[in-house]
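A short write-up of the structure that comes next.
FYI, it's all coordinate maths here, none of it is from the lab. For clarity, every value in this text was computed on a predicted model and none was experimentally measured. As a convention, Cβ positions derive from the backbone with ideal geometry for all residues, glycine included, and neighbour counts pool all protein chains shown.
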């Protein structure tokens with residue numbers, strides 16, 4: 001049953017990335033449209049997780065508030081970087097960097113700071129991942145967009161890995177707060193950062209409007225008029241319930257089984273979604289990179 005939950009969660013991840021791509025195609029990748037996406041996704045997640053906890057929120061320890069604030073800032077950054085990245089390149093490569101960061105950096109943290117053991121297969125996997133992460137940099141095409149896309153993917157890799165490390169640190173240090181409550185805190189912080197950024201952007205653009213130098217900008221009414229709010233809600237809900245299914249599986253399945261299934265499955269399904277629904281083309285180097293990442297992910301289980 002729990003393997004089924006995990007398989008469903010992997011499909012949900014591919015769907016959520018597809019929703020973010022649909023939003024980008026419809027709303028563009030301007031700063032305002034990205035901030036709207038970040039705010040309403042976080043707000044939807046807050047309502048969803050709060051409802052799952054019975055609309056109750058226990059007192060939050062200071063340490064959890066600090067870690068929740070840092071993780072919330074990281075998620076806010078991921079929202080900004082992600083929409084821009086998929087406007088420049090393939091969903092498959094973006095999801096590969098996103099998922100590998102969440103798997104690899106916490107693994108290295110566990111090895112060097114928590115003194116967890118490492119097998120020869122995992123050492124081989126690290127080498128394969130290094131090659132897989134470097135190969136996309138040699139993708140042919142316009143150099144400016146190619147290097148910007150690759151830079152954004154590296155940032156996604158680092159930030160999502162940072163999220164994994166902070167989550168692991170928090171769970172090691174304290175168990176006085178439930179996962180649901182902690183997730184609500186994180187998403188509230190993400191929504192807060194997004195709202196503050198929107199207010200600052202509004203003030204700046206209001207001054208430009210006074211000087212007669214502002215162009216057409218997406219408004220909150222555009223989200224509903226263009227039906228882009230559907231893509232936001234789809235992303236947030238599939239992300240929330242996919243995360244819940246992973247939590248249910250984590251109670252009964254070892255991490256060495258979970259991470260390979262989630263990471264490898266997500267990379268493969270996102271690649272298929274990008275090819276089938278968005279007609280994204282993959283270069284030979286990109287295909288090799290994805291295959292190497294998939295093999296390395298499997299090796300991490302040994």
Using only DSSP helix segments of four residues or longer, with each worth -39500 (n - 2.57), what per-residue ellipticity at 222 nm results for the chain after dividing by its residue count and rounding to 500? -28000 deg cm²/dmol
Most mobile of 104, 43, 57 in a GNM of the chain (Cα contacts under 10 Å): 57
GNM, the chain, Cα, under 10 Å: largest mean-square fluctuation among 126, 285, 52? 52
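Within a 10 angstrom radius of the beta carbon, how do 5, 36 rank from fewest other beta carbons to most? Numbers along the way, then the final one.
Numbers: 5 19, 36 23.
Sorted ascending by nearby Cβ count, the order is 5, 36.
Starting from 0.36 nm per residue, how many nanometres of slack lie between residue 25 and residue 1 once their C-alpha separation is accounted for? Intermediate values should be presented prior to the final figure.
On the way: separation 24, 0.36 × 24 = 8.64 nm, distance 3.65 nm.
Extending this stretch completely gives an extra 5.0 nm.
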Could you give the distance between the Cα centres of region 1-47 and region 166-207, to the whole Å? 16
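Report the percentage of all Cα-Cα pairs in region 79-204 whose separation exceeds 24 Å, rounded to a whole percent.
Working: 3496 of 7875 pairs.
Roughly 44 percent, rounded to a whole number.
Counting every Cα pair in region 1-137, what percent are over 19 Å apart?
Numbers: 6197 of 9316 pairs.
Of all Cα-Cα distances in region 1-137, 67 percent exceed 19 Å.
If you take the beta carbon distance between residue 147 and residue 248 as r and set R0 to 35 Å, what does 1/(1 + (r/R0)^6) give as a FRET efficiency, to the nearest 0.05?
Numbers: r = 41 Å, r/R0 = 1.16.
So, using R0 = 35 Å, E works out to roughly 0.30.
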Among (i) 143; (ii) 180; (iii) 124, the value of volume of the Cα convex hull per residue in Å³ computed for this structure carries the label (i)
The chain, Gaussian network, Cα under 10 Å: of 208, 84, 21, the residue fluctuating most is 208
